[in-house]
Amino acid sequence: MQKTRAGAGRTASTIVVRPAPVQKTRALVRVGGMTVLAAIGRSGRSILKREGDGATPIAAMKLLYGFTRGDRVRFLRTALPMRHIRKDMLWCDQSDDPNYNRPVKAPFKPSHEELRRGDGLYDICLVLDWNVRSRRRNRGSAIFFHLIRPGYEPTAGCVAVSLRDMKRILPSLRKGTTVRVV
């Protein structure tokens with residue numbers, strides 16, 4: 001576990017993710033009195049989330065913990081438990097595997113995502129409890145709150161914000177904070 005400094009002030013019990021006007025792949029994220037622009041899934045939002053559909057689930061999901069690239073991002077202010085991403089860290093997204101929607105270590109043959117990405121999207125990556133604690137096949141995996149691609153390109157189903165906004169949001173977060181996608 002990475003040591004982090006707890007954020008001074010209040011923690012948010014709920015983060016609300018609302019669709020932005022016009023574009024189904026954009027959202028507005030509200031944390032306390034702050035609202036920031038975000039990207040969501042390439043298919044927008046869905047109440048019927050399925051593996052690979054590109055949709056962000058319409059749901060209330062608890063924050064469980066986070067990952068960070070300590071070699072790129074340091075001194076995060078948050079009470080949320082954070083883990084350093086190592087080179088061998090992966091996330092299983094093959095629904096018929098017993099490790100489905102769980103972190104795994106390389107080498108790992110079934111379908112997976114690398115957590116130590118070259119593009120910086122997971123330099124700060126928060127794990128949402130979508131299909132994690134109570135897993136069901138094909139309900140979707142690797143639903144994270146992470147960093148944005150340039151131009152706010154859509155995600156594969158996650159919620160993504162800029163590094164600047166993530167650093168502003170992190171001090172308000174703790175394990176159990178609810179991310180409510182409406």
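No value in this document is a laboratory result; all are computed from the given coordinates. Quick caveat, the model's predicted, so the values are computed rather than measured. All Cβ positions, glycine included, derive from the backbone under ideal geometry; neighbour counts span all protein chains shown.
What is the list of residues in the stretch 141-156 whose amide nitrogen lies under 20 Å from a point 7 angstrom out from the Cα of ARG168, following Cα to Cβ?
145-153
Ranking HIS146, HIS112 by Cβ neighbours within 10 Å, fewest first, what do you get?
So the ranking, lowest neighbour count to highest, is HIS112, HIS146.
Of all beta bridges DSSP finds with both residues in the chain, what is the antiparallel percent, to the nearest 5?
Antiparallel bridges: around 70 percent, rounded to the nearest 5.
Just from the alpha-carbon atoms, what are the Rg and Dmax of the stretch 73-176 in angstroms?
For the stretch 73-176, the Cα radius of gyration and maximum Cα-Cα distance read 13.9, 38 Å.
Pick from MET61, MET34, MET82: which is most flexible by mean-square fluctuation in a GNM of the chain where alpha carbon atoms under 10 Å apart are linked?
MET34
Report, by chain and number, residues whose modeled amide H sits under 5 Å from the one on SER111, excluding near sequence neighbours (fewer than 5 apart, same chain).
Amide H neighbours of SER111: GLN94.
May I have the count of lysine pairs in the stretch 21-152 with C-alpha atoms under 27 Å apart, counting pairs 8 or more residues apart or located on different chains?
Within the stretch 21-152, the lysine pair count is 9.
How long are the three semi-axes of the equivalent ellipsoid of the stretch 34-132, in whole Å, if each is the root of 5 times an eigenvalue of the C-alpha gyration tensor, listed from largest down?
Semi-axes (√(5λ), whole Å): 22, 20, 13.
How are the C-alpha pair distances of the stretch 63-118 spread across 10 Å bins, as whole percents from the shortest bin up?
Each 10 Å bin holds this share of Cα pairs: 22, 47, 26, 5.
Among LEU90, LEU163, which comes first, second and so on when ranked by fewest other beta-carbon atoms within 10 Å?
Values: LEU90 20, LEU163 14.
Fewest-to-most Cβ neighbours within 10 Å comes out as LEU163, LEU90.
For ILE15, enumerate residues with amide H under 5 Å from its amide H, sequence gap 5+ or separate chain, H modeled in the peptide plane.
It is THR178, VAL179, ARG180, by chain and number.
At a 10 Å Cβ-Cβ cut-off, how would you order TYR65, TYR122, TYR152, fewest neighbours first?
Arranged by neighbour count, lowest to highest, TYR65, TYR122, TYR152 become TYR65, TYR152, TYR122.
Per-residue HN-Hα couplings for the stretch 66-73, Karplus 6.51 cos²θ - 1.76 cosθ + 1.60 at θ = phi - 60°, whole Hz, x for Gly and Pro?
So the Karplus estimates, Gly and Pro as x, are x, 10, 8, 8, x, 7, 10, 10 Hz.
First measure r as the distance between the Cβ atoms of ASP88 and ARG18, then evaluate 1/(1 + (r/R0)^6) with R0 = 45 Å and state the FRET efficiency to the nearest 0.05.
0.75
Between (1) 39; (2) 21; (3) 14, which matches percent of Cα pairs over 29 Å apart calculated for the structure shown?
Derived directly from the coordinates: (3).
Starting from the amide H of MET82, placed 1.01 Å from N in the peptide plane, find each other amide H under 5 Å away whose residue is 5 or more places distant or on another chain.
For MET82, whose amide H was placed from the backbone, the distant partners under 5 Å are GLN2, GLY66.
Which one, GLY52, CYS125, LEU173, projects farthest toward the positive side of the charge dipole computed for the chain from Cβ point charges (K/R +1, D/E -1)?
LEU173
Output wanted: per-residue J couplings in Hz (rounded whole) for the stretch 153-169, from phi through Karplus 6.51 cos²θ - 1.76 cosθ + 1.60, θ = phi - 60°, x for Gly and Pro.
4, x, 9, 8, x, 8, 10, 10, 10, 5, 4, 4, 5, 4, 5, 6, 7
Taking a point 7 angstrom from the Cα of SER111 along the C-beta vector, which residues in the stretch 132-155 have backbone N less than 16 Å away?
Of the residues in the stretch 132-155, 136-143 have backbone N under 16 Å from the label point off SER111.
What fraction of the DSSP beta bridges in the stretch 81-182 is antiparallel, stated in percent and rounded to the nearest 5?
75 percent
Which value in deg cm²/dmol, rounded to the nearest 500, describes the helix-derived mean residue ellipticity at 222 nm for the chain, given -39,500 (n - 2.57) per DSSP H run of n ≥ 4 and division by the residue count? Intermediate values should be presented prior to the final figure.
Numbers: 1 runs with 7 residues, N = 182.
Per the formula, -1000 deg cm²/dmol.
Label THR35 and ALA60 with points 7 Å out from Cα along Cα→Cβ: what is the distance between them in nm?
Label at THR35, label at ALA60, 2.2 nm between them.
Quick one: putting +1 on the C-beta of Lys and Arg, -1 on the C-beta of Asp and Glu, what dipole do you get for the stretch 90-159 around its Cα centre, in Debye to the nearest 20? Numbers along the way, then the final one.
Working: 11 positive and 9 negative charges, 64 e Å.
The calculated dipole for the stretch 90-159 is roughly 300 debye.
Under a 10 Å cutoff between Cα atoms, tell me which one of PRO103, PRO150, PRO19 has the largest fluctuation in the Gaussian network model of the chain.
Looking only at PRO103, PRO150, PRO19, the largest GNM fluctuation is found for PRO150.
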